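Engineer: The structure's right below; bear with me while I get my questions together.
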Amino acid sequence: MSTEPPPGAGGQPPEDDPFRKQPPPDQGAGSPYGNQPYGDQPYGGRSYGGQPPPYAGGGGPYPDDPLAGMPALADGGRRTLARIIDMILVGIVVWLLTWAVGVHEYNVNSDKMQYSKSFGQSLIAVVLYMGYDTLMLSKSGQTLGKKWLGLRVADLDNGSTPSVRTNLIRAAVLWIPFAFCCACVWTAICGGWSFFDKPYRQGLHDKAAKTVVVSTR
């Protein structure tokens, strides 16, 4: 009877995981220029003025870069559009469910302050948004919006599909403030961070969960 551990045991993604990053090719064996420095290769080393190509092409010019072997990082425009699609899809379900169970928006006049969302509505929203992100991303690294736009979420350290725990952390950072506090303002800050973050283009929720969003096209 075999005593070998099952594939993926010990917290490591299985070897046949289609999302696991691949080792970079042997540049010395496959390149007609051998091991010549970038500056000695034609066009300054892939037309980057003697420097390795930038991180956006699936790996950065940094020693031991976690992105080496991964697909290219996703651009901010597609990430934003995918998020809007997911928010609309889940938002429709939230509205239908709150309407069905009788949890409607209401106004409470207290010192002329109006509160437009009930605690019950916020609770339903956070459960559905977090559940949607956690389940979908744990299965394939893609929500519907990301799938339609050719994106997926990956672990920064090995490129594999994030675990349930990782996706739960990611979703909590994004959706709890959204539901109970800052709504779309927090979503814009959290996701918009990726437009300025270097070198991995991470939103605040990506940083908390140690994930990146990459392109599948």
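Engineer: Does region 158-167 include one or more residues that are over 22 Å from residue 94 (Cβ atoms), touching a Lys or Arg at 6+ places or on another chain (Cβ under 7 Å), open to solvent by 10 Å² or more (accessible area, probe 1.4 Å) and not in a helix (DSSP H, G or I)?
Structural biologist: Yes, region 158-167 contains a residue that is over 22 Å from residue 94 (Cβ atoms), touching a Lys or Arg at 6+ places or on another chain (Cβ under 7 Å), open to solvent by 10 Å² or more (accessible area, probe 1.4 Å) and not in a helix (DSSP H, G or I).
Engineer: So which residues in region 204-217 are free of Cβ contacts under 8 Å to residues at least 60 places away in the same chain and either over 10 Å from the mean Cα position of the chain (by Cα) or open to solvent by 40 Å² or more (accessible area, probe 1.4 Å) (or both), if there are any at all?
Structural biologist: Listed by number, the residues that qualify are 204, 207, 208, 210.
Engineer: Cβ-Cβ under 7 Å, sequence separation 6+ or interchain: first residue in region 176-203 and outside any loop (DSSP other than H, G, I, E, B), partner open to solvent by 40 Å² or more (accessible area, probe 1.4 Å) and charged (D, E, K, R). Which pairs?
Structural biologist: Close Cβ pairs (under 7 Å, with a partner that is open to solvent by 40 Å² or more (accessible area, probe 1.4 Å) and charged (D, E, K, R)) amount to 194/201.
Engineer: (1) within 23 Å of residue 66 (Cβ to Cβ); (2) part of a helix (DSSP H, G or I); (3) not charged (D, E, K, R): which one isn't true of residue 121, the others all being true?
Structural biologist: Failing condition for residue 121: (1).
Per-residue answers, yes or no, for (1) open to solvent by less than 30 Å² (accessible area, probe 1.4 Å); (2) at pLDDT below 95; (3) under 20 Å from residue 186 (Cα atoms):
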position	(1), (2), (3)
105	no, yes, no
111	no, yes, no
118	yes, yes, yes
132	no, no, yes
147	no, no, no
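The values are calculated or read from the model by the stated rules, or taken from the named source; none is laboratory data. These numbers come from a predicted model, not from an experiment. Neighbour counts run over all protein chains shown; Cβ positions are idealised from the backbone, glycine included. Note: areas computed on protein heavy atoms with side chains; ligands, DNA, RNA excluded. Shrake-Rupley method; radii C 1.70, N 1.55, O 1.52, S 1.80 Å.
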